[in-house]
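Have a look at the structure below before the remarks.
Bear in mind that the values in this text are calculations on the coordinates, not laboratory data. The model shown is predicted, which means the values in this text are computed figures rather than measured ones.
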Amino acid sequence: VSPKKAQEFVLEVLTKKGLDEKRAQKICGQINGDVFLDHAFHVLRVKFVTDKVEKTAENFSNCLVLPAEVIECTPQKITAIDSRLGRLGGEFVREKTVLENPFGITAKKGELVSVHWKHAIEKISPAQAEELEKRAVMHLG
């Protein structure tokens, strides 16, 4: 969306949901060029609208939708290597993790899934995985 539309969204919608006006103005000052108003924008630029969730690298990482490579899959759990933020404003690191599998995804070793708060959401293609990481990196800057 255009910078103007993104700024309107931050100032008019997010402030009504609890985002501090001063923080909203700061975010708007950082918006230049077209913006993807995706989940990564919200997590990395807006951060958390309220103070209900502690602002840590782990929570930012959990909140981002990022890819993971399946090692083993059962109807309840998926063991995978996922992408995580190493530190706030930092690089991605890969870690072995066990994910909840609430949607009963069936995946083979080497296939990719999207992950949100340690839950496997859906199988994704390599191109989709690349796009998820690309958008997260774009918003880190």
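Brief remarks on what is shown
- Stretched out straight at 0.36 nm per residue, the stretch from residue 12 to residue 81 would grow longer than its current Cα-Cα span by 21.0 nm.
- Filter on 5/55; 17/134; 77/109; 77/118; 109/134; 77/108 - keep pairs with C-alpha separation over 18 Å: 5/55; 17/134; 109/134
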